[in-house]
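The values are calculated or read from the model by the stated rules, or taken from the named source; none is laboratory data. Worth saying up front: this structure is predicted, and the values here are computed from it rather than measured. Virtual Cβ from ideal backbone geometry, glycine too; neighbours counted across all protein chains shown. Surface areas here come from the heavy atoms of the whole protein model, side chains and all, with no ligands, DNA or RNA. Shrake-Rupley method; radii C 1.70, N 1.55, O 1.52, S 1.80 Å.
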Amino acid sequence: MSVGHSRAVGGTPLGRAVAGVVRLVLASILLGFALTSDAVHDYPHYAVLILVHPLIVRQALGVSLEPFHIIWVSVALFVHPLGGILGLYDTVWWWDHLTHLMSATLVAGPTYILARAYYLSGQTPIVPGWTVPAAVVTTTLALGLVWEGIELVHPWLIVYSDEDTAMDAVFNAVGALATVAAAPRVLGGLVSQALPTDPFTGTGTSVELSDRGDDHDRHPEFDPGDD
């Protein structure tokens, strides 16, 4: 079965326009706070990330995000600085959980795309299909632990308690598992883009389902027309 780069990318003009407006509005809010408050030290770079993340993803992973992905990433980048600016971490009990869940998807998503594309490329030994979800969850939890370490030494970040740290890890795991569950439908097109191409033909690599597990129905990066 041939798995190529035939899936259309970019979304509709309306979708792209909406995604662009969302990015501009969220980034403008953060920049506005940064310019008018002396208390906000480390949030302007979130505004920059909201504006440029589609370019970063395209350069780093070789994929073009759809409007849905752009909006999701923009909101996920926005919730942490918003919580810090408005004091929501102290006044809304679930805000920290929401932030960790959404931030976890920003790690789990790219990890899934890279791991799944590598798995489908045929360049790996024959390994069980569960290795991709395992890689996603493990990577997300590992980087979550790195973040917790940064919180211990960063002068502007607060560690409330050991229980808080444990709950952060729980919601990091929830975010990773939610990404794994949604990825076949939500990220399948990006996986197709990330698949390596044959340098001679310019087409995607060829993957046999018998070698990689019969998961055709659950992964739309497989094009049914090539069966």
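Here are the numbers:
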| item | result |
| --- | --- |
| Accessible-area composition of region 67-110, carbon plus sulfur, in percent [1.4 Å probe] | 78 percent |
| Efficiency of FRET between Trp94 and Val127 - r from beta-carbon atoms, R0 30 angstrom, step 0.05 | 0.20 |
| Accessible area in square angstrom per residue, region 59-125, 1.4 angstrom probe | 42 Å² |
| Highest average packing first - 112-119, 126-133, Cβ atoms within 10 Å | 112-119, 126-133 |
